[in-house]
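Report on one structure; see the data block that follows.
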């Protein structure tokens with residue numbers, strides 16, 4: 001009887017120890033899984049279309065800083081005998097941005113999924129802080145502008161062309177923000193606000209894809225069917 005009692009006592013102690021023993025392996029795995037999920041959410045947040053105020057305005061700061069630093073790099077380190085060529089490529093990149101802006105807006109944001117679905121969120125809530133994620137736009141500029149231009153074998157011309165595109169993109173971002181969030185005081189901004197309002201509200205005949213300028217809308221026939229008064233202000 002004493003042996004049976006002793007065996008039962010030892011068995012019960014083992015069960016209690018097993019039950020009370022912390023499940024470190026499973027618990028640790030769960031904690032790591034939750035941490036990985038949190039890190040993934042933060043990473044995917046970098047590609048979110050709608051931004052917090054901090055992230056939204058950080059885009060302007062980062063692109064402004066990129067323009068400043070790249071311009072300083074070219075002015076300080078660029079070959080003295082190629083300054084005119086460098087200036088030419090900066091202006092080429094800047095002017096190229098206008099057609100890039102038009103093509104992206106008309107044929108990608110309004111014609112290619114899933115980009116058109118994402119862009120529709122901006123049309124539904126035009127005053128929301130919705131814009132292209134900084135990492136995405138920067139990656140596209142580097143991969144589609146700088147690297148192809150670098151294949152020419154001249155890093156100075158590639159950098160100058162990229163600088164021009166960066167200036168154009170920054171001008172577009174500021175203009176688009178001003179159109180939706182600023183009160184227009186100049187006739188130019190009043191015209192831009194009205195032009196963009198026609199883009200948002202002229203459903204029967206989509207058009208007015210240019211944001212910084214209307215030149216390519218006139219070239220490709222995507223102008224509005226009603227006259228645009230330069231003195232009318234869209235608020």
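Since every read-out is calculated from the coordinates, none of them should be taken as a lab result. Small disclaimer: the values here were computed from a predicted structure and weren't measured. All Cβ positions, glycine included, derive from the backbone under ideal geometry; neighbour counts span all protein chains shown.
Between residue 128 and residue 151, what is 0.36 nm times their sequence separation minus the Cα-Cα distance? Round to one decimal in nm.
Values: separation 23, 0.36 × 23 = 8.28 nm, distance 3.94 nm.
Here the segment from residue 128 to residue 151 would lengthen by 4.3 nm.
Using a Förster radius of 22 Å, what is the FRET efficiency between residue 118 and residue 189 based on their Cβ-Cβ separation? Nearest 0.05, please.
Values: r = 26 Å, r/R0 = 1.20.
Approximately 0.25, to the nearest 0.05.
Quote to one decimal, in nm, the extra length available between residue 219 and residue 136 on full extension: 0.36 nm per residue of separation minus the C-alpha distance between them.
Working it through step by step, the gained length comes to 27.0 nm.
Divide the volume of the convex hull of the Cα atoms of segment 51-183 by its number of residues and quote the answer in cubic angstrom per residue.
Normalising the Cα hull of segment 51-183 by residue number yields 116 Å³.
Using the basic label-point model (7 angstrom from Cα toward the beta carbon), what is the residue 181 to residue 76 distance in nanometres?
3.1 nm
Treat the count of other C-beta atoms within 10 Å as a stand-in for reagent exposure and order 145, 61, 67 from fewest to most. Don't jump to the answer; show the numbers that get you there.
Numbers: 145 22, 61 10, 67 17.
The fewest-first ordering by Cβ neighbours comes to 61, 67, 145.
Please give the FRET efficiency for residue 96 paired with residue 62, using the beta carbon to beta carbon distance and R0 = 25 Å, rounded to the nearest 0.05.
0.70
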